[in-house]
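> What follows is a structure written as structure tokens; I'll ask about it next.
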Amino acid sequence: MSLTYNRKMLEEAGEVYDRWDREVEKTFEKHPERLERFSTVSDMEIQRIYTPKDVAEQDFVRDVGAPGQYPFTRGVQPTMYRGRLWTMRMFAGLGSAKDTNARFHHLVNAGQTGLSTAFDMPTLMGYDTDSPRARGECGKCGVAIDTLRDMEELFEGLPIDRITTSMTINPPAPVIWGMYIAMAENRGIDRRQLGGTIQNDMLKEFIAQKTFMCPPKPSLRLITDTVEFGTQEVPRWNTISISGYHIREAGSTAVQELAFTLADGIAYVDAALERGLDVDDFAPRLSFFFNSHLDFFEELAKFRAARRMWARIMEERFKAKNERSLWLRFHTQTAGCSLTAQQPYNNIVRTAIEALAAVMGGTQSLHTNSLDEVLAIPTEEAATIALRTQQIIAEECGAANSIDPLGGSYMVEALTDRMEEEAFEIIHKIDDMGGMLSAIEKNYPQQEIADAAYHYQQQIDRKEKTVVGVNKYVTEESLPVELLQIDEELERLQIERTTRIRNDRDRQRARDCLERLEEACVEGRNVMPPIIDAAKAHATLQEMCDVFRKVFGEYRDPGIY
Amino acid sequence: MERNRRLRVMVAKPGLDGHDRGARIIARAFRDAGFEVVYSGLHQTPEEIVHAAIQEDVDLIGLSSLAGAHSYLFPAVVEFLKERDAEDIQVIGGGIIPEEDITRLKAAGIREIFTPGSTLDDIVAWVRENVNPKE
């Protein structure tokens, strides 16, 4: 035991603050506090002041330690940003592959250090642009990818052997990843050289983001196929990005985001172990993705607690030996749901505060939202300001000079402890339900999130929570921002293009490849090799996803509110 | 059918967009306001929504879209209602909808569009004022 503060110091501090409390409360008759109750964005109550008493139980070595050392509260790498800054990775995707490729080139030229791809809704749901279900959606909220040709055009001229690529894709993740590998190999790049991330986190889709295709169990099987294939064939690839971001956007509290995300992580590890993989072979490639909302200290504490909790889970629960298996490496995106359509330029400020919390929290990579993201896909100008926000944080304000600079703050340490404690309570509840798959089947996380979202909305409507420009400091005149429009003509052109590719390819070869994919699905063999072959044979995204739908069935939204 | 029955409202998510936080909050607010609420669940085509709305005999359809496909999807719902002679069912919409699209959507027969910042009370009040239960 090495308690951070010794008994004598705690006693003395206790006396000082007891006295202080009495003094302060005497003044309340004349000068009451502004609010009856102070709380975070997640409605977690915050004390008047934090003192050594609030971290009296903290054991410095056990709970805090040094960066790069267990339990990694202060950061996963020993040098953190003094060695290398986080990856500035702007999420981008709009219109056609060609349009998005141009945006990628612009961002890389502006100093971005990683790529991140946003797909349109049909791609995210595993439909080609000409599906009747895809009408009106082509290129609207991301890039449309139907075939290998689209994937090739998307990354044309970009140094994908040197720069890492993140792809936000879930049900069709094996297919999109297969197309990416096929594209790279056609360019002469070895798959072992490829670095990047596929989101590939289906559990949070059922919980929050709601792009789903097959039911939970077969979805988990497909994910495990990618984990296994990545471990053996694409060792630099993060095959899952276990995501709290969408859970938070759907309205959860910070603690729920933390708990549900780590519980999802536990379910993925369990599935890979059941497949017979060794924990230390795949765990180092698991990555995470969190939201950074507006409550600076709550977020910061969440990131610190997440690292410590995952290290403990991996060591205690899964007996991981490789130090890298214990690392919780994470990407962060500032909170889209915190932005306002009213007075949109204020969003630049919100994003800066959220980005600072992510950096203080030790993120490995970061997307900063654009001021217009609440209204449309960002314009180039708005995306550039968002990237510049990161560069200012990194290189002007000194935030990256010292590691975990807010560690040791009584408040930050106390909140970190509290978030861990409350999140573990939820995780144990999920364990008691039989794990995350059963919890989802019982609609437990879905219902908890819906309740929290409704509570928050009511607080805003009752003005218990301030949203500047929405329920306070409202102005009549509006400052118009220029919005990006996606050409309606694009859909027709993309349908023509995909139809042409379907007609011009070697049809027999494409058909054979799809049959082999179906056999792999049915017989329980890894789907990745036949997917890569099918991608090279120009089978379309939907053709491959239809195989999954046929073999595994489709999942329908239970429609809970 | 009994007179003065409660207002029946369908909250629906057309298209592939999965952002259902708003739709579900609105559904709860309608329920708390005393309306009978049917929630379509996600990923419905305009045809499927109209079919369900007629079967459920609703007075109002509230559409939600946050992924930019409202320009096709919202008017398509109105069109299918016309085709099925169910124009007495009113349609409103909400979500991430740029100002310049709102005029066009209203011209296409969407009665009202609610954008971020609308309060639940505003929306409920609009419905009470503008929609009457069918007799």
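Just so it is clear, none of the values below were taken in a lab; they were calculated from the coordinates. Please read these numbers as outputs of a predicted model, since none were measured by experiment. Reconstructed Cβ throughout: ideal geometry from the backbone, glycine too, with neighbour counts over all protein chains shown.
> Of all residues in segment A:457-484, which are free of Cβ contacts under 8 Å to residues at least 60 places away in the same chain, facing chain B (nearest Cβ under 10 Å), surrounded by fewer than 18 Cβ atoms within 10 Å (Cβ to Cβ) and in contact with a helix residue (DSSP H, G or I) (Cβ under 9 Å, 6 or more places away or on another chain)?
The answer is A:GLN458, A:ASP461, A:PRO480.
> I'm told A:GLU441 meets every condition in (1) acidic (Asp, Glu); (2) farther than 30 Å from B:TYR39 by Cα; (3) in contact (Cβ under 8 Å) with a residue 12 or more places away in the chain except one. Can you identify the failing condition by its number?
Here A:GLU441 clears every test but (2).
> Can you pull out every residue in segment B:1-28 that is more than 8 Å from chain A (Cβ to nearest Cβ), surrounded by 18 or more Cβ atoms within 10 Å (Cβ to Cβ) and over 21 Å from A:TYR555 (Cα atoms)?
Once the filter is applied, which keeps residues that are more than 8 Å from chain A (Cβ to nearest Cβ), surrounded by 18 or more Cβ atoms within 10 Å (Cβ to Cβ) and over 21 Å from A:TYR555 (Cα atoms), segment B:1-28 yields B:LEU7, B:ARG8, B:VAL9, B:MET10, B:GLY22, B:ILE26.
> In addition: Would you say A:GLY196 is at positive phi and touching a Cys at 6+ places or on another chain (Cβ under 9 Å)?
Details: at positive phi: yes; touching a Cys at 6+ places or on another chain (Cβ under 9 Å): no.
No, not satisfied.
Yes or no, residue by residue, for (1) more than 12 Å from chain A (Cβ to nearest Cβ); (2) exposed (fewer than 15 other Cβ atoms within 10 Å of the Cβ); (3) under 22 Å from B:GLY22 (Cβ atoms); (4) more than 13 Å from the chain's Cα centre (by Cα):
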site	(1), (2), (3), (4)
B:VAL78	yes, no, yes, no
B:GLU83	yes, yes, no, yes
B:ALA86	yes, no, no, yes
B:ILE97	no, no, yes, yes
B:ASP101	no, no, yes, yes
B:GLY109	yes, no, yes, no
B:PHE114	no, no, yes, no
B:GLY117	no, no, yes, yes
B:ASP122	no, yes, yes, yes
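> Quick one: count up the residues across segment A:516-561 that are within 14 Å of chain B (Cβ to nearest Cβ), in a loop (DSSP other than H, G, I, E, B) and under 21 Å from A:ILE198 (Cβ atoms).
1
> Right, another one. Please tell me if A:ARG418 is more than 21 Å from the chain's Cα centre (by Cα), more than 13 Å from chain B (Cβ to nearest Cβ) and more than 15 Å from A:GLY265 (Cβ to Cβ).
So A:ARG418 fits the description; yes.
> Looking only at segment A:316-339, filter to residues that are among the aromatic types (Phe, Trp, Tyr) and within 24 Å of A:GLY114 (Cβ to Cβ); which one of those is farthest from the other protein chains (Cβ to nearest Cβ)? Give the derivation first.
Step one: list which residues in segment A:316-339 are among the aromatic types (Phe, Trp, Tyr), which gives A:318, A:327, A:330.
Keeping just the survivors that are within 24 Å of A:GLY114 (Cβ to Cβ) gives A:327, A:330.
Details: A:TRP327: 30, A:PHE330: 22 Å.
Applying the filter and picking the extreme gives A:TRP327.
> Would you pick out the residues in segment B:34-55 that are closer than 20 Å to B:ASN130 by Cα and within 14 Å of chain A (Cβ to nearest Cβ)?
Those that are closer than 20 Å to B:ASN130 by Cα and within 14 Å of chain A (Cβ to nearest Cβ): B:PHE35, B:GLU36, B:VAL37, B:VAL38.
> Determine, yes or no, whether A:THR117 is more than 14 Å from chain B (Cβ to nearest Cβ) and within 26 Å of B:ALA69 (Cα to Cα).
Here the answer is yes, as A:THR117 does meet what is asked.
> Can you work out which of the residues in segment A:486-501 that are free of Cβ contacts under 8 Å to residues at least 60 places away in the same chain and either more than 14 Å from chain B (Cβ to nearest Cβ) or outside any helix (DSSP H, G or I) (or both) is farthest from A:MET121 (Cα to Cα)? Can you show your working first?
So the first thing to find is which residues in segment A:486-501 are free of Cβ contacts under 8 Å to residues at least 60 places away in the same chain, and the list is A:488-489, A:492, A:496, A:500.
Those still in the list that are either more than 14 Å from chain B (Cβ to nearest Cβ) or outside any helix (DSSP H, G or I) (or both) too: A:488, A:496, A:500.
Numbers: A:GLU488: 15, A:GLU496: 19, A:ARG500: 22 Å.
Checking each candidate, the answer is A:ARG500.
> For A:GLN446, are the conditions met, namely being over 30 Å from A:LEU94 (Cβ atoms), at the interface with chain B (Cβ under 10 Å from one of its Cβ atoms), surrounded by fewer than 19 Cβ atoms within 10 Å (Cβ to Cβ) and among the polar types (S, T, N, Q)?
no
> Right, here's the next one. Against the condition touching a residue at least 12 places away in the same chain (Cβ under 8 Å) and outside any helix (DSSP H, G or I), how does A:LEU387 come out, does it pass?
no
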